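K.L.:
Below is one structure. I have some questions about it.
The values are calculated or read from the model by the stated rules, or taken from the named source; none is laboratory data. Remember, it's a predicted structure, so these values are computed and weren't measured experimentally. Cβ sites come from the backbone with ideal geometry, for glycine too, and all protein chains shown count toward neighbours. Remember, those area values only see protein heavy atoms, side chains included, never the ligands or the DNA or RNA. Shrake-Rupley method; radii C 1.70, N 1.55, O 1.52, S 1.80 Å.
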Amino acid sequence: MITVLLQLAGLFALLSVLAVGGGAGVIPEMQRAVVDVHHWMSGPQFLALFALSRSAPGPGSLIVVLIGQKAAGLAGGLVAGVAMFAPSSVLAYLVAKFWHRSGGSAAGWQARVERALAPVAVGLTLASGIALIRGTEHGWAAYGVTAAATVVLTLTELNPVAMTVAGAAVLLAAAGH
Amino acid sequence: MRGGRPAPPDGAVTPSRPGLLALYLGFLTVGACSVGGGLAAWIRRESVTKRRWIDDTQFLTGYALSQLVPGATNVNLAVFIGTQLRGGAGAVAAPAGLMTVPLGVFLGIGSVYFALSRGAAGPWIALALAGMGASAIGLMLSIGLRLGRRNLRSAASVGVAVVTALVVGLLRVKLLVALLVLIPASLALHWRTPAQRPDAAGE
């Protein structure tokens, strides 16, 4: 139990500082560690937790609370949450301090780093989608739902919740036959 | 480049400086309301439009910096705004407020899901979640595509994004290793490109 808690703390503290451009970028690494390295759950179970984390309020990175709960109960959930949010928050605090002290004069530096990190963040977001497809037994119906959701949500302003409900309905209907 | 944006004179522009409890409760509201994403828009509504704690320039600066710092962007944004308004104590109060309701909801959802998935309805719940997951993957891909459309303005940027997606998503190279190569490469490629501000707070 203590071992699992330490593993959770170590894993998510590392992912916390590697989460370039937001929490989504670390999903592939998280999936690998949770499913392939520590065997806390299967690939489809990981996708199920991902789906739950996207349908609840708050930052999607709270998926770590569900992972922690699955691996080590309530204590696991809390340890995972603190490990995921504390290190990056301390960094954010230090940057905010530095920024206010400099009176915003670091703007040139900031714009350059922003330009360089933006494409990495875009790539990591796409990588998360790709890794999640690879990590699950994606059948034809699931591929159809993913493709439809990608196109619709890229081209229209449809509420993602509607698409999520539709996805569940399609897979239940496909299995009923 | 330096004169590009008005420097926020600390404190002077801030129309009202909330107490710690008000700060906590403001972000508590944001956290409770944010079902279905769009957290940044909610934070802007609460801190700029409704309560006038900060102005729009300060918000956009905070949002841009929050993306530079690793970790969940909106939590970083809460830390940033909290620090600006109330220093170190604010840096704890704001994200704590933001996370209170979602954390409770997640722990609740987790308990219910883990209990139910062991029961008779387990296979059906798994199927429904697989469908929701398939949609959520599409949402993730669409966010990537939308971000790309807005922020990638040169062949070098598109190249870095595509290589990142393939190396991390398809080849599954370890993230730490990938970032240690990709970030310096991207910095080198973008250091000299002419100034262009990507849209902040678009999401």
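K.L.:
Considering A:Ala147, A:Ala116, which residue is among the small types (Gly, Ala, Ser), part of a helix (DSSP H, G or I), free of Cβ contacts under 8 Å to residues at least 60 places away in the same chain and open to solvent by 40 Å² or more (accessible area, probe 1.4 Å)? Even if it seems obvious, please write down each step before you answer.
P.N.:
Values: A:Ala116 fails: open to solvent by 40 Å² or more (accessible area, probe 1.4 Å).
Within the list A:Ala147, A:Ala116, the selection yields A:Ala147.
K.L.:
Also, quick follow-up: For segment B:68-101, how many residues are facing chain A (nearest Cβ under 7 Å) and surrounded by 23 or more Cβ atoms within 10 Å (Cβ to Cβ)?
P.N.:
So the answer is 15.
K.L.:
Quick one: which of A:Leu11, A:Leu18 is under 16 Å from A:Ala83 (Cβ atoms) and more than 11 Å from chain B (Cβ to nearest Cβ)?
P.N.:
Values: A:Leu18 fails: more than 11 Å from chain B (Cβ to nearest Cβ).
Only one candidate passes the filter, namely A:Leu11.
K.L.:
Let me ask you something else. So is B:Ala64 within 11 Å of chain A (Cβ to nearest Cβ), open to solvent by less than 30 Å² (accessible area, probe 1.4 Å), modelled with pLDDT of 90 or more and outside any loop (DSSP other than H, G, I, E, B) or not? Please lay out each step first, then the result.
P.N.:
Values: within 11 Å of chain A (Cβ to nearest Cβ): yes; open to solvent by less than 30 Å² (accessible area, probe 1.4 Å): yes; modelled with pLDDT of 90 or more: no; outside any loop (DSSP other than H, G, I, E, B): yes.
No; evaluated as a whole, the condition is false for this residue.
K.L.:
Looking only at segment A:99-109, filter to residues that are facing chain B (nearest Cβ under 7 Å) and either under 24 Å from B:Leu176 (Cα atoms) or touching a helix residue (DSSP H, G or I) at 6+ places or on another chain (Cβ under 9 Å) (or both); which one of those is surrounded by the fewest Cβ atoms within 10 Å (Cβ to Cβ)?
P.N.:
Within segment A:99-109, the subset facing chain B (nearest Cβ under 7 Å) is A:99-100, A:103-105, A:107-108.
Restricting the remaining residues to those that are either under 24 Å from B:Leu176 (Cα atoms) or touching a helix residue (DSSP H, G or I) at 6+ places or on another chain (Cβ under 9 Å) (or both) gives A:99-100, A:104-105, A:107-108.
Details: A:Trp99: 22, A:His100: 16, A:Gly104: 18, A:Ser105: 11, A:Ala107: 19, A:Gly108: 13.
In this case the residue turns out to be A:Ser105.
K.L.:
Moving to a separate point now. Could you figure out which of (1) open to solvent by less than 30 Å² (accessible area, probe 1.4 Å); (2) in contact with a Lys or Arg (Cβ under 9 Å, 6 or more places away or on another chain) isn't true of A:Arg32?
P.N.:
A:Arg32 satisfies all of (1) open to solvent by less than 30 Å² (accessible area, probe 1.4 Å); (2) in contact with a Lys or Arg (Cβ under 9 Å, 6 or more places away or on another chain) except (1).
K.L.:
Could you tell me which residue of segment B:102-117 is nearest to A:Leu94 (Cα to Cα), considering only residues that are facing another protein chain (nearest Cβ under 7 Å) and open to solvent by less than 40 Å² (accessible area, probe 1.4 Å)? Spell out how you get there, then give the answer.
P.N.:
Step one: of segment B:102-117, the residues facing another protein chain (nearest Cβ under 7 Å) are B:102-103, B:105-107, B:109-110, B:113-114.
Among the residues that remain, those that are also open to solvent by less than 40 Å² (accessible area, probe 1.4 Å) are: B:102, B:106-107, B:110, B:113-114.
Values: B:Pro102: 25, B:Phe106: 29, B:Leu107: 30, B:Gly110: 33, B:Tyr113: 38, B:Phe114: 38 Å.
Among residues in segment B:102-117 that are facing another protein chain (nearest Cβ under 7 Å) and open to solvent by less than 40 Å² (accessible area, probe 1.4 Å), the one nearest to A:Leu94 (Cα to Cα) is B:Pro102.
K.L.:
Could you say which residue among A:Ala121, A:Ala86, A:Ala96, A:Ala127 is surrounded by fewer than 18 Cβ atoms within 10 Å (Cβ to Cβ) and under 30 Å from A:Leu8 (Cα atoms)? Explain how you work it out, then say what you get.
P.N.:
Working: A:Ala121 fails: surrounded by fewer than 18 Cβ atoms within 10 Å (Cβ to Cβ); A:Ala96 fails: surrounded by fewer than 18 Cβ atoms within 10 Å (Cβ to Cβ); A:Ala127 fails: surrounded by fewer than 18 Cβ atoms within 10 Å (Cβ to Cβ).
From the options A:Ala121, A:Ala86, A:Ala96, A:Ala127, the qualifying one is A:Ala86.
K.L.:
Of the conditions (1) under 30 Å from A:Gly129 (Cβ atoms); (2) free of Cβ contacts under 8 Å to residues at least 24 places away in the same chain; (3) in contact with a Ser or Thr (Cβ under 7 Å, 6 or more places away or on another chain), B:Leu116 satisfies every one except a single condition; which number is it?
P.N.:
Failing condition for B:Leu116: (3).
Here is a yes/no grid of residues against (1) open to solvent by 10 Å² or more (accessible area, probe 1.4 Å); (2) modelled with pLDDT of 95 or more; (3) of a type in the set (A, V, I, L, M):
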position	(1), (2), (3)
B:Gly119	yes, no, no
B:Ile125	yes, no, yes
B:Ala128	yes, no, yes
B:Leu139	yes, no, yes
B:Ser142	no, no, no
B:Leu147	yes, no, yes
